[in-house]
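Readers should treat all values here as calculations from the given coordinates under stated rules, not as data from a laboratory. Since this is a predicted model, take the numbers as computed values, not measurements. Here the Cβ positions follow ideal geometry from the backbone for every residue, glycine too, while neighbour counts run over all protein chains shown.
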Amino acid sequence: MKPWKKGLAGERTINTLYFYLTEGCNLACRHCWMGPRFDATGNHYPTLPVESFETAIREAKSLGLSGVKLTGGEPLLHPHFSRLLEIVRREELKLTVETNGLLCTPEVAAEIAKSPNRFVSVSIDGTDAATHEWVRGVPGSFEAARQAVRNLVAAGIMPQVIFTVMRSNVDQVDAMVRMVQDLGAASLKFNVVQPTARGEKLHENLETLNIADLIALGRYVEQELAPNTRLDLFFHYPHAFKALSRIASGEGCGVCGIFGIMGVIASGHYALCGIGEQVPELVFGEVGKDRLAEVWRENAVLKALREGLPEKLEGVCSRCLLKERCLGSCVAQNYYSKSSLWAPYWFCEQAEEAGLFPSSRLGTRPA
Amino acid sequence: MNQTDRPIANPIVVLREEFDDWAVLFNPDTADAVGTNPVGVAVWKRMDGKRSLDDIVSEIKKSFEDTPDSALKEIAAFVNTLAENGFAGLELERKIADA
């Protein structure tokens, strides 16, 4: 197992800042775990000031920052997106962009491509307009997303397509692999709908897959589809369900990155991650007003997590042999569900209740 | 008592084989676990204190296609890692003499 990256003083470093650049979004996705307000033009709701972006990066660099993730809302809605990219290049940071693709023109794709170390993902939730747009809520968004992938490929970026599986599109899994391959993407990631914000409603309305179907689908994607496509395929479920060969190959999907990230939300506040938009107690301070080093070192939640993870995890997570890698899969989701940093991950809990948690991955230390 | 070159599995450790022939080795005394590939599983099943490392490698070469020239080195490293973590040891001379 790799040791956690630590700085010269032995403290944990901030590897990546996750910037949630906009409070609005130009789509209205049924499964969104952030729940931004609909904003077709980006002019109606707050966006992160460029000064806050620069300040957070400057302060994080002394704490070990090596990369940024630009997400939303919808990051390309940010009115100064090109300026943000310039700052990322100037600071020689790894760049990750998560976009729905609507505004990813050839010019924007070329601007992103100027960053030598970049990774871009585009969300597409079906192989036809009706399926994708039922999920995304905006007519025309399907073809725009596909064109975004083409624009990125033309600019020299092989993006990842992210496909969130649910009842309405699960019959398109095989066709999705073919479509994404034809578009020229490098990889396809299958996301599971998280029961947070709008995703919670989708779960309540039984529009999501049940736990048995999710586990079976993950196995199918990893064991049947992945060996037969040039795409890299990832199924975003916890490590306890992944084949050991996938884990041994270094796949990190389904692992909480909590020890090395800090979120910056559009209001200009530090937060655990984007969950700060939903859960005020996971907001840690204000960019420019509170020193990041102090927040990073002294915030009570972060300190508790460093001291308590993974040993304090409860329920099935406490007995999981992979808890030191997985760290509860998603602390933000767990907290959202049960108001506890140590709550077990819903997916694993449901699997155990259904008798589907792999028994080979469970074990406890004798008292 | 001298150690032999015959590795022996810690008898308390449980081999939990999975659907794809990989496996988890689980020590219920400590709750330590390690994952291993099918070759490691085959090695583990032969760590009976009677076979030497050379014997095990020879058997592995017959069981798996395209075994690399570095097999002995890799298997020795695997066994050493198991030993360092309490999953295995090396049989002692006296036990062999008693057997």
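Assorted remarks:
- For chain A, the antiparallel share of DSSP beta bridges with both residues in that region comes to about 20%.
- 13 Å Cα-Cα reach of A:K303 towards aspartates and glutamates, excluding residues that sit fewer than 8 places from it in its own chain: A:E11, A:E294
- Gyration tensor (alpha-carbon) shape descriptor, chain B, a/c threshold 1.5: oblate
- Relative contact order for region B:3-98, counting Cα pairs under 8 Å that sit 6 or more residues apart, in percent: 37
- Between A:I112, A:I247, A:I258, the GNM of chain A built on Cα springs shorter than 10 angstrom shows A:I247 fluctuating the most.
- In this structure, the residue pairs whose Cα-Cα separation is over 31 Å, taken from A:K69/B:K73; A:K189/A:K323; A:K323/B:K61; A:K114/A:K201; A:K94/A:K338, are A:K69/B:K73; A:K323/B:K61; A:K114/A:K201; A:K94/A:K338.
- From helices alone, chain A scores -9500 deg cm²/dmol at 222 nm; the rule is -39500 (n - 2.57) for each run of n ≥ 4 DSSP H residues, then divide by the residue total.
- Remark: the Cα gyration tensor places the protein assembly as shown in the prolate category, a/c being 1.5 or greater and a/b exceeding b/c.
- Across chain A, the longest piece that holds none of the trypsin sites (Lys or Arg not before Pro) lying in DSSP loops with up to 11 other C-beta atoms within 10 Å covers A:1-229.
- Under Karplus coefficients 6.51, -1.76 and 1.60, residue-wise ³J(HN,Hα) of region A:26-34 in Hz, glycine/proline x: 8, 10, 9, 5, 5, 9, 4, 8, 9
- Relative contact order [Cα under 8 Å, 6+ residues apart], chain A, whole percent: 17
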